[in-house]
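Okay, structure first, notes after.
The values are calculated or read from the model by the stated rules, or taken from the named source; none is laboratory data. Here the structure is a predicted model, which means the values were calculated and not measured. Cβ sites come from the backbone with ideal geometry, for glycine too, and all protein chains shown count toward neighbours. These area figures cover heavy atoms from the full protein model, side chains too; ligands, DNA and RNA do not enter into them. Shrake-Rupley method; radii C 1.70, N 1.55, O 1.52, S 1.80 Å.
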Amino acid sequence: MTEGSRLFSENGTIITKGLDLTGLVTHATDPVLIISDGYFIQCNAAAATIFGTSSPDEFHKIKPQDLSQE
């Protein structure tokens, strides 16, 4: 196991450090969105479909505030 993928326990909670979740996100059948610094940085095909875009690449052009019902 590399340093980047080691699991750490903190107050009974298992966390990961530097784990690449690309495969998990890509192959999930439920919509998965990852946001960082106010931008979508990753999503899967299910998320793109539910929000009406043609692909995850097209979805990345949308900002979270664009989806707000406000």
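If residue 56 meets every condition in (1) open to solvent by 100 Å² or more (accessible area, probe 1.4 Å); (2) in contact with a strand residue (DSSP E or B) (Cβ under 6 Å, 6 or more places away or on another chain); (3) at pLDDT 85 or above apart from one, which number is that one?
Every condition holds for residue 56 apart from (1).
Considering only segment 35-57, state which residues are touching a helix residue (DSSP H, G or I) at 6+ places or on another chain (Cβ under 7 Å), under 21 Å from residue 69 (Cβ atoms) and outside any loop (DSSP other than H, G, I, E, B).
35, 40, 43, 47, 48
For the list (1) modelled with pLDDT of 60 or more; (2) in contact with a helix residue (DSSP H, G or I) (Cβ under 9 Å, 6 or more places away or on another chain), I need the number of the one condition that residue 17 fails.
Among (1) modelled with pLDDT of 60 or more; (2) in contact with a helix residue (DSSP H, G or I) (Cβ under 9 Å, 6 or more places away or on another chain), the lone unmet condition for residue 17 is (1).
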